[in-house]
Each structure stands twice: as structure tokens, then as C-alpha cells.
Amino acid sequence: MMTRLTRRAALLGGAGALLSGCASKFRSYDGPAVTRLRLFKGDRLLALEGTRRTLRTYPIGLGFAPVGHKQFEGDGRTPEGSYVIDRRNPDSKFHLSIGISYPNATDVAYAAAAGRHPGSDIFIHGGPRTGIDPMNVRDWTAGCIAVIDRQIEEIYAMVRDGTPIDIHA
């Protein structure tokens, strides 16, 4: 027969396990594979594409100076062109993040010709700064693509490293 203390400990332990599972930022995904990401800067839209259809779309925020292709570190622009998802950061200060392969060889050469650095560390991430709502003040990053935390959790689960991403003006 369980004592009152043992029963209470068992109930609290079970409740704690249940709640910790709900609070996890790591989701699972077992649907169709994401074969390409398409980002439309002008429409502030990210589309996750499968082989037969668009699987999900998300409203996005961009760099603080979103018009035009990223050329130099600190310009506040989000890159344009074809890249790949090349890394992920489960410990991102922006909740979760997946990296984009910017800069490519062309980006590096352009910046070098101008005697500048092209910048780096372009990610799709969550976690807007405190007080910033990407649905309200969208373009707040240094050149990254921002979504809300719940959305980056889905994207992080669905998108694999090596997935192409096309970023359109």
C-alpha cells in the first residue's frame, strides 16, 4: 500500500514529466520531406516546399534595411539568391535557428573588391527581441529571417541541412 507521501511524489513526478514534455522547443515531424525553401522578401513570406506541393508558409521579418541584396557586414540587408541550409543552432539566443550558407564565393569576391567584409551568420530564427512582434515591427534583424518561436520550432523540425533555399526580392 502506498503511503500518502509516496503517492504525492508519484503524482508530482508524473505531472512534472508531462509538463516538461509540453515545454520542449524540439518538435518532431514525420510528414513529407521539405525539398526546397522559397523566401519572397517583398511579400515577407517563407514557403517550405515538398515534391508535390507547398507544405507550409510563414510570415517573416527581415533585416532592418531589407531592400536589395546583402553586400557588406552591417548593411542590415537580407541576402538574395540561391543558398543551402548548412547548420543548426539548438542553443541560439533567438530560441532556435537554422543557418543559411551566405556568403557564397560571389558574395565574398564582391565584398573583397570593395575592401569590405560580406558579413556572415545569416539564419532563420525565432525569438524576436523583447517587445518586438514580427507581425507588427517586422524588419528588425541584422540581416537574418525572423519568425515567431512556435514557427521556428516547426521549421527546425521539418528542414534538414543541405536543403536549398532561394531568396527572391
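The values are calculated or read from the model by the stated rules, or taken from the named source; none is laboratory data. All of these numbers come straight from a predicted model, not from anything done at the bench. So basically every Cβ, Gly included, is an ideal-geometry build from the backbone, and we count neighbours across all protein chains shown.
Can you report the number of residues in region 83-102 which are modelled with pLDDT of 95 or more, out of contact with any Phe, Trp or Tyr (no Cβ under 9 Å at 6 or more places or on another chain) and not hydrophobic (A, V, I, L, M, F, W, C)?
1
Exactly one of these conditions fails for Glu80: (1) within 14 Å of the chain's Cα centre (by Cα); (2) modelled with pLDDT of 95 or more; (3) acidic (Asp, Glu). Give me its number.
Of everything listed in (1) within 14 Å of the chain's Cα centre (by Cα); (2) modelled with pLDDT of 95 or more; (3) acidic (Asp, Glu), Glu80 misses just condition (1).
Identify the residue in region 143-164 that is acidic (Asp, Glu) and within 12 Å of Ile98 (Cα to Cα) and, among all such residues, is surrounded by the most Cβ atoms within 10 Å (Cβ to Cβ). Please lay out each step first, then the result.
Filtering region 143-164 for residues acidic (Asp, Glu) gives 149, 153-154, 161.
The next check asks that each one be within 12 Å of Ile98 (Cα to Cα); those that pass are 153-154, 161.
Working: Glu153: 19, Glu154: 16, Asp161: 11.
The residue in question is Glu153.
List every residue pair whose Cβ atoms sit under 9 Å apart, with the two residues 6 or more apart in sequence or on different chains, where the first one lies in region 78-101 and is more than 17 Å from Gly61 (Cα to Cα) and the second, anywhere, is assigned to a loop (DSSP other than H, G, I, E, B) and among the aromatic types (Phe, Trp, Tyr).
Close Cβ pairs satisfying both conditions: Gly81/Tyr102; Tyr83/Tyr102; Pro90/Phe26.
Looking at region 104-117, is at least one residue surrounded by fewer than 16 Cβ atoms within 10 Å (Cβ to Cβ), among the basic types (Lys, Arg) and within 16 Å of the chain's Cα centre (by Cα)?
Within region 104-117, not a single residue is surrounded by fewer than 16 Cβ atoms within 10 Å (Cβ to Cβ), among the basic types (Lys, Arg) and within 16 Å of the chain's Cα centre (by Cα).
Identify all residues within region 37-54 that are in contact (Cβ under 8 Å) with a residue 24 or more places away in the chain and either of a type in the set (Asp, Glu) or surrounded by 18 or more Cβ atoms within 10 Å (Cβ to Cβ) (or both); write none if there are none. It would help to see each step written out before you state the result.
Restricting attention to region 37-54, the residues satisfying the condition of being in contact (Cβ under 8 Å) with a residue 24 or more places away in the chain are 37-42, 44, 46, 48.
Passing the criteria: Leu37, Leu39, Lys41, Arg44, Leu46, Leu48.
How many residues does region 124-141 contain that are among the hydrophobic types (A, V, I, L, M, F, W, C), at pLDDT below 90 and either outside any loop (DSSP other than H, G, I, E, B) or within 15 Å of the chain's Cα centre (by Cα) (or both)?
Counting residues in region 124-141 that are among the hydrophobic types (A, V, I, L, M, F, W, C), at pLDDT below 90 and either outside any loop (DSSP other than H, G, I, E, B) or within 15 Å of the chain's Cα centre (by Cα) (or both) gives 1.
For region 57-70, state whether one or more residues are among the hydroxyl-bearing types (Ser, Thr, Tyr), modelled with pLDDT of 95 or more and within 26 Å of Tyr29 (Cβ to Cβ). Steps first, please.
Here is the first cut: in region 57-70, the residues among the hydroxyl-bearing types (Ser, Thr, Tyr) are 57-58.
Applying the additional criterion that residues be modelled with pLDDT of 95 or more yields 57-58.
Remaining after also requiring within 26 Å of Tyr29 (Cβ to Cβ): 57-58.
Looking through region 57-70, at least one residue is among the hydroxyl-bearing types (Ser, Thr, Tyr), modelled with pLDDT of 95 or more and within 26 Å of Tyr29 (Cβ to Cβ).
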